[in-house]
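**Student:** There's a structure below that I have some questions on.
The values are calculated or read from the model by the stated rules, or taken from the named source; none is laboratory data. Keep in mind that this is a model prediction, so the values were computed, not measured. FYI the Cβ positions are ideal-geometry reconstructions off the backbone, even for glycines, and counts take in every protein chain you see. Side chains are part of the model used for accessible areas, which takes the heavy atoms of the whole protein and leaves out ligands, DNA and RNA. Shrake-Rupley method; radii C 1.70, N 1.55, O 1.52, S 1.80 Å.
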Amino acid sequence: DWSWKETKTADVSSPSYRNLLVFATVAAWITSILGTQTHPSVFPHLLSGCAVTLAALWAVEIALNKFSNIPGLKIPAILLAELTVLQLFLGIVVHSMVLNARASSLPMPGLTVMKATHAAVAALVQGASLYATYQAFKYLAPRTAKSAIPLTAETEIEACDSE
């Protein structure tokens, strides 16, 4: 399946679908790094998580509206969006549990499980964004590409002779 000899479609979306998915992948890694840091505020992690969610939802919108005829782009984008929304929901649950744990004197054994689940889904989001990015580079040509169909040597010679 990893044959890069697929017929490529021009990436006509704005912003470029390929660039949007690269941004989502990099933002997912940065979000994960910010989540491992112990800050007094969770705001940088939450802000970057919202950026990943926005990029994933935008990617699925582009995949379904502009590239609906390419199943290799739709399915990874839908998977990425679903995992990202689940990740954001789990983050909100973990944050509320942390706030409750600070206010309560009782131990909260479920907090560890929720934090581990949040981290595991983060790894799935990173994998899904990387897979969606690979698929975009497999099926889409850069916006600056002039032709998606490679020319043969004979065609190039005829074109030069006619001018």
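**Student:** Only one of these is within 16 Å of the chain's Cα centre (by Cα) and not in a helix (DSSP H, G or I): Pro76, Pro107, Pro40, Pro15. Name it.
**Tutor:** So the residue among Pro76, Pro107, Pro40, Pro15 that is within 16 Å of the chain's Cα centre (by Cα) and not in a helix (DSSP H, G or I) is Pro15.
**Student:** Return the total of residues in segment 52-68 being more than 16 Å from Tyr134 (Cα to Cα) and not in a helix (DSSP H, G or I).
**Tutor:** 2
**Student:** Still on this structure, I have one more. Out of curiosity, is Leu90 under 23 Å from the mean Cα position of the chain (by Cα) and closer than 19 Å to Leu20 by Cα?
**Tutor:** When the stated conditions are applied, Leu90 does not pass them.
**Student:** In addition: Look through segment 87-142, keep the residues that are charged (D, E, K, R) and open to solvent by 20 Å² or more (accessible area, probe 1.4 Å), and return whichever of them is modelled with the lowest pLDDT.
**Tutor:** Within segment 87-142, the match that is modelled with the lowest pLDDT is Arg102.
**Student:** Looking at segment 11-41 only, could you name the residues that are surrounded by fewer than 17 Cβ atoms within 10 Å (Cβ to Cβ) and more than 16 Å from Ala128 (Cα to Cα)?
**Tutor:** Answer for segment 11-41, where residues must be surrounded by fewer than 17 Cβ atoms within 10 Å (Cβ to Cβ) and more than 16 Å from Ala128 (Cα to Cα): Val12, Ser14, Pro15, Ile33, Thr36, Gln37, Thr38, His39, Pro40, Ser41.
**Student:** So, Pro71, is that one under 23 Å from the mean Cα position of the chain (by Cα), loosely packed, with under 15 Cβ neighbours inside 10 Å and farther than 16 Å from Leu130 by Cβ or not?
**Tutor:** yes
**Student:** Moving on to the next point. Can you confirm whether Thr7 is hydroxyl-bearing (Ser, Thr, Tyr) and open to solvent by 100 Å² or more (accessible area, probe 1.4 Å)?
**Tutor:** Yes, satisfied.
**Student:** Being in contact (Cβ under 8 Å) with a residue 40 or more places away in the chain and of a type in the set (Gly, Ala, Ser) narrows it down to one of Ser104, Ser68, Ser16, so name that one.
**Tutor:** Ser16
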